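Engineer: This is the structure, below, for whatever I ask next.
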Amino acid sequence: MKELAKKRPEFRNINAFKDLPSYRWPVASLVSGMHRISGLLMFLLLPLIIWMFDTSVSSEFSFARFRAAFNVGASGVILKLLALALIWAYLHHFIAGLRHVWMDVSHAAVNKRFGASSAKATLVASLVLTVVLGAKLFGLY
């Protein structure tokens, strides 16, 4: 008699617009994706970072001009929002990087439970710190 062959799993290409929105993303994969996005965001905002640093340390006059740029109408709000995006990107990338280093150093920390709990802690810490620093940036305290 012929043995029945096990059915092999099917692998197919996915359609990003149709399949990804319905895909169930575990929190650890969200944090991993956000880690990549935050790194890309910091890279893309590098010219703004260089301008902010150069303008703030060149002279007292350039520092006053730098501060004024953040306080002038709609362009000031846009600069503040870009700075807030940069703050989030840095904080998330830093905290997620610490999470990855901890998982690399402590092999006992590589399991689903730790991955989910550390991902949630990373999200909460980066968002809370971003809100606190954003409130300071927008002059709420």
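Engineer: Name the single residue that is surrounded by the most Cβ atoms within 10 Å (Cβ to Cβ) among those in segment 14-55 being of a type in the set (Gly, Ala, Ser) and in a helix (DSSP H, G or I). Outline the logic, then answer.
Structural biologist: Taking segment 14-55 as the starting set, the residues that turn out to be of a type in the set (Gly, Ala, Ser) are 16, 22, 28-29, 32-33, 38-39.
From what is left, the residues that are in a helix (DSSP H, G or I) are 22, 28-29, 32-33, 38-39.
Values: Ser22: 6, Ala28: 18, Ser29: 13, Ser32: 18, Gly33: 11, Ser38: 23, Gly39: 15.
For segment 14-55, the residue satisfying everything is Ser38.
Engineer: Of (1) closer than 20 Å to Gly134 by Cα; (2) of a type in the set (D, E, K, R); (3) under 22 Å from the mean Cα position of the chain (by Cα), Arg67 satisfies all except one. Which?
Structural biologist: (3)
Engineer: Another question, if that's okay. Please determine, by comparing only the residues of segment 90-121 that are surrounded by 14 or more Cβ atoms within 10 Å (Cβ to Cβ) and among the aliphatic types (A, V, I, L, M), which one is farthest from the chain's Cα centre (by Cα).
Structural biologist: So the residue we want is Ala109.
Engineer: Let me ask another. Mind checking which pairs have a first residue in segment 117-141 that is of a type in the set (D, E, K, R) and a second that is assigned to a helix (DSSP H, G or I), Cβ under 7 Å, 6 or more apart or different chains?
Structural biologist: Lys120/Val27
Engineer: Continuing with the same structure: Can you name the number of the only condition in (1) farther than 26 Å from Gly134 by Cβ; (2) in contact (Cβ under 8 Å) with a residue 40 or more places away in the chain that Tyr23 fails?
Structural biologist: Every condition holds for Tyr23 apart from (2).
Coordinate-derived values only; no laboratory data. Note that the structure is predicted; figures quoted are calculated from it, not measured. Reconstructed Cβ throughout: ideal geometry from the backbone, glycine too, with neighbour counts over all protein chains shown.
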